[in-house]
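Working notes for the structure below.
A short reminder: the numbers here are calculations on the coordinates, not readings from a lab. Remember, predicted model here, so these are calculated numbers, not experimental data. All Cβ positions, even for glycine, are placed from backbone atoms using ideal geometry, and neighbour counts span all protein chains on display.
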Amino acid sequence: ELKVEQNPLFLSMQEGKNYTIYCNYSTTSDRLYWYRQDPGKSLESLFVLLSNGAVKQEGRLMASLDTKARLSTLHITAAVHDLSATYFCAVSDRDDKIIFGKGTRLHILP
Amino acid sequence: EAQVTQNPRYLITVTGKKLTVTCSQNMNHEYMSWYRQDPGLGLRQIYYSMNVEVTDKGDVPEGYKVSRKEKRNFPLILESPSPNQTSLYFCASSLSRGRFYGYTFGSGTRLTVV
């Protein structure tokens, strides 16, 4: 059974700092997704990573996928307050079932 | 505008009173799914549908029903709601399960059962 673990689950950081959120998963997969959720809102797709070594960047966020290590990272560069949100990773298993991590609540202090 | 529309956004109901949460998408997506989101538990799949008249259970289907009579609509039915079904519910759709490029989510329905 595919399990997806994110860490940390909560992160408070200063504006201007860099940090990384980690997403580990337990069985083979080559498709991983990152979503953002603002408080009380829906989930918004950020990145879709479809192969080993995939790297995608949008503004201050960069996501990468290492299928051999079963690890994806979401790197935040020079954080700004607007990036405060909860970030979810999700992984497709071999039956194309999508499993979500529990989410990382990111709080960026001005 | 491509979107998934859920209604209602907020609902307070009493135990045992049947309710339906509607979900409609305008993107001609084959795959639709319902999730519930609870603090500390993340998103858990309730039911999914790979196409018209094809539905299957997710991880937490007890107490819920769904139907997929048309491609665009995928209502979630609670025949006899109980307080443990108080949650935030999301409908989501995707082009197809086999060619999954991520979900488009609805805006969510916050359900309270008293």
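Would you order B:Val66, A:Val48 from fewest to most other beta-carbon atoms within 10 Å of each residue's own beta-carbon?
On the way: B:Val66 21, A:Val48 17.
Lowest to highest Cβ neighbour count: A:Val48, B:Val66.
Relative to the Cα centre, what is the charge dipole magnitude of chain B, using +1 at the beta carbon of each Lys and Arg, -1 at the beta carbon of each Asp and Glu, and rounding to the nearest 20 debye?
With Lys and Arg at +1 and Asp and Glu at -1, about 120 debye.
Where a Cα-Cα gap under 29 Å defines reach, which lysines qualify for B:Lys57, not counting those fewer than 8 residues away within the same chain?
A:Lys3, A:Lys41, A:Lys97, A:Lys102, B:Lys17, B:Lys18, B:Lys65, B:Lys69, B:Lys71
I want to make sure I understand the PRE zone here: with the label point 7 angstrom from the Cα of B:Val52 toward its beta carbon, which residues in region B:3-39 have backbone N atoms less than 18 Å away?
B:23-33
Determine the shielding of peptide B:36-43 by partner chains: average, over its residues, the number of Cβ atoms on other chains within 10 angstrom of each Cβ.
Neighbouring Cβ atoms belonging to other protein chains average 4 per residue here.
For the protein assembly as shown, with only Lys/Arg (+1) and Asp/Glu (-1) charged at the beta-carbon, what is the dipole magnitude about the Cα centre, in debye rounded to 20?
Details: 27 positive and 21 negative charges, 49 e Å.
Result for the protein assembly as shown is approximately 240 debye, rounded to the nearest 20.
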